[in-house]
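Novice: This is the structure, below, for whatever I ask next.
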Amino acid sequence: MKAVALTVLSVSTLAFGLAPKSDVEKIADRIDSPLQKAFENIWDGKFGVSRLPRKGPHIANPANGKGLLSAEDSIQWRARLFLAGNKTKKLGKGSFELRYAGNLSYDKGQKSEEEYRKAVADRPSEDALKKLIERNFGSEKPMKLDEWTVVSRPIRSLGEACTKCHTESGDKDALGYLIYTFKKQS
Ligand code: HEC
């Protein structure tokens, strides 16, 4: 009976496209809302990737300057952030640039300095990642790139406050994508 119930559940979740979220999607969702805040107000004359607060190679939480991943997630995952955008031009397939933004996992764990430096430097190739995003432009579903899992989240226009400079885009259009990449720490 239990098996039947489980089958029915998985068939219905598939049918409605509500497949349970993977761990990395849950982490991406958790850190995406604080990161989106960096793009919500124009108060300091910084644009694009320079709006993300950083500490050395790390991207910090715009709200409090602290790490975005929990210590537990930092130990488990290498997490790197990229930004896809087209400056103030309309964003679309074939018309975006991809830039490395920084490291999202802070925790050094038990690693030696050298191991830690190597771990921090480990990230997907920008060319390969750009091709993957290009092929799946606009998709928010997890994608695979070698040992990395890639999850994109749009940064949307909030209307007039954004379109006065992003003149080719309409209200709610994606002005950029935060691209989260995750790999299990070895
Ligand atoms: C005063 C003009 C101005 C306003 C207002 C503005 N932006 Fe921008 N934005 C820019 C410029 C210039 C860039 C390109 C920065 C660069 O050189 O990478 C940019 C880049 C971006 C990017 C990254 C894309 C990329 O290619 O780097 C995003 C995302 C973005 N803006 C979101 C927003 C949002 C959301 C708003 C509204 C809340 C907004 N912007 C309002 C001028 C503006």
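The values are calculated or read from the model by the stated rules, or taken from the named source; none is laboratory data. Because the structure is predicted, anything quoted here is derived from the model rather than measured. In this analysis, Cβ positions are derived from the backbone assuming ideal geometry, glycine residues included, and neighbour counts consider all displayed protein chains.
Novice: Go through (1) outside any loop (DSSP other than H, G, I, E, B); (2) surrounded by 15 or more Cβ atoms within 10 Å (Cβ to Cβ); (3) more than 10 Å from the ligand (Cβ to nearest atom) and name the single condition Glu115 misses.
Specialist: (2)
Novice: Look at the range 54-63 and say how many of its residues are within 16 Å of the ligand (Cβ to nearest atom) and either surrounded by fewer than 18 Cβ atoms within 10 Å (Cβ to Cβ) or among the basic types (Lys, Arg) (or both).
Specialist: Of the residues in the range 54-63, the ones within 16 Å of the ligand (Cβ to nearest atom) are 54, 59, 62.
Remaining after also requiring either surrounded by fewer than 18 Cβ atoms within 10 Å (Cβ to Cβ) or among the basic types (Lys, Arg) (or both): 54.
Here the count works out to 1.
Novice: Within the range 140-147, identify whether any single residue is touching a strand residue (DSSP E or B) at 6+ places or on another chain (Cβ under 9 Å), within 16 Å of the ligand (Cβ to nearest atom) and in contact (Cβ under 8 Å) with a residue 24 or more places away in the chain, and answer yes or no. Outline the logic, then answer.
Specialist: Restricting attention to the range 140-147, the residues satisfying the condition of being touching a strand residue (DSSP E or B) at 6+ places or on another chain (Cβ under 9 Å) are 140-147.
Subsequent filtering for residues that are within 16 Å of the ligand (Cβ to nearest atom) retains 140.
From what's left, in contact (Cβ under 8 Å) with a residue 24 or more places away in the chain: none.
No, every residue in the range 140-147 fails to be touching a strand residue (DSSP E or B) at 6+ places or on another chain (Cβ under 9 Å), within 16 Å of the ligand (Cβ to nearest atom) and in contact (Cβ under 8 Å) with a residue 24 or more places away in the chain.
Novice: For the range 163-186, enumerate the residues that are closer than 15 Å to Arg123 by Cβ and away from the ligand (no atom under 12 Å from the Cβ).
Specialist: Tyr180, Thr181, Phe182, Lys183, Lys184, Gln185, Ser186
Novice: Being within 16 Å of the ligand (Cβ to nearest atom) and at pLDDT below 90: is that true of Gly17 here?
Specialist: Numbers: within 16 Å of the ligand (Cβ to nearest atom): no; at pLDDT below 90: yes.
It is false that Gly17 is within 16 Å of the ligand (Cβ to nearest atom) and at pLDDT below 90.
Novice: If a residue must be out of contact with any strand residue (DSSP E or B) (no Cβ under 9 Å at 6 or more places or on another chain) and over 18 Å from Glu72 (Cα atoms), how many such residues does the range 102-120 contain?
Specialist: Looking only at that region, the number is 6.
Novice: Oh, and also: When you check Gly109 against the structure, is it of a type in the set (Gly, Ala, Ser), surrounded by fewer than 21 Cβ atoms within 10 Å (Cβ to Cβ) and touching a helix residue (DSSP H, G or I) at 6+ places or on another chain (Cβ under 6 Å), yes or no? Lay out the reasoning, then the answer.
Specialist: Values: of a type in the set (Gly, Ala, Ser): yes; surrounded by fewer than 21 Cβ atoms within 10 Å (Cβ to Cβ): yes; touching a helix residue (DSSP H, G or I) at 6+ places or on another chain (Cβ under 6 Å): yes.
Answer is yes for this residue.
Novice: What is the one condition in (1) under 30 Å from Cys165 (Cα atoms); (2) touching a helix residue (DSSP H, G or I) at 6+ places or on another chain (Cβ under 8 Å); (3) of a type in the set (A, V, I, L, M); (4) at pLDDT below 90 that Ile59 does not satisfy?
Specialist: Ile59 satisfies all of (1) under 30 Å from Cys165 (Cα atoms); (2) touching a helix residue (DSSP H, G or I) at 6+ places or on another chain (Cβ under 8 Å); (3) of a type in the set (A, V, I, L, M); (4) at pLDDT below 90 except (4).
Novice: Right, next: Could you figure out which of (1) at pLDDT 90 or above; (2) on the phi < 0 side of the Ramachandran plot; (3) surrounded by 18 or more Cβ atoms within 10 Å (Cβ to Cβ) isn't true of Gly102?
Specialist: Going through the list (1) at pLDDT 90 or above; (2) on the phi < 0 side of the Ramachandran plot; (3) surrounded by 18 or more Cβ atoms within 10 Å (Cβ to Cβ), Gly102 breaks only (2).
Novice: If you don't mind, there's one more thing I want to ask. Here's a check for you: in the range 24-53, which residue that is among the small types (Gly, Ala, Ser) and more than 14 Å from the chain's Cα centre (by Cα) is surrounded by the fewest Cβ atoms within 10 Å (Cβ to Cβ)?
Specialist: Of all residues in the range 24-53, those among the small types (Gly, Ala, Ser) come to 28, 33, 38, 45, 48, 50.
Those still in the list that are more than 14 Å from the chain's Cα centre (by Cα) too: 45, 48, 50.
Working: Gly45: 7, Gly48: 16, Ser50: 12.
The selected residue is Gly45.
Novice: Quick check on my filter: what residues within the range 62-94 are farther than 28 Å from Asn136 by Cα, touching a residue at least 24 places away in the same chain (Cβ under 8 Å) and not in a strand (DSSP E or B)? Don't jump to the end; show me each part of the working.
Specialist: The first filter runs over the range 62-94 and keeps only residues farther than 28 Å from Asn136 by Cα, leaving 62-67, 70-72, 75.
This time we only want the ones that are touching a residue at least 24 places away in the same chain (Cβ under 8 Å), so: 62-63, 67, 71, 75.
Those that are farther than 28 Å from Asn136 by Cα, touching a residue at least 24 places away in the same chain (Cβ under 8 Å) and not in a strand (DSSP E or B): Pro62, Ala63, Ala71, Ile75.
Novice: Which residues, counting only those in the range 64-74, are of a type in the set (A, V, I, L, M) and crowded, with 16+ Cβ neighbours inside 10 Å?
Specialist: Our first condition is that a residue be of a type in the set (A, V, I, L, M); within the range 64-74, this holds for 68-69, 71.
Result: Leu68, Leu69.
Novice: What pairs come out if I take residues in the range 149-162 that are under 24 Å from Asp122 (Cα atoms) and pair them with residues that are part of a loop (DSSP other than H, G, I, E, B) whose C-beta lies under 6 Å away, six or more apart or interchain?
Specialist: Filtered contacts from the range 149-162: Thr149/Pro142; Val151/Pro142; Ser152/Glu140.
Novice: Another question, then. Kindly state which strands (runs of 3 or more DSSP E) lie completely within the range 127-186 and contain at least 1 residues that are in contact with an Asp or Glu (Cβ under 8 Å, 6 or more places away or on another chain) and surrounded by fewer than 16 Cβ atoms within 10 Å (Cβ to Cβ). If you could, list the steps in order and put the result at the bottom.
Specialist: Values: elements: 143-145, 148-156, 174-184.
Output list reads 174-184.
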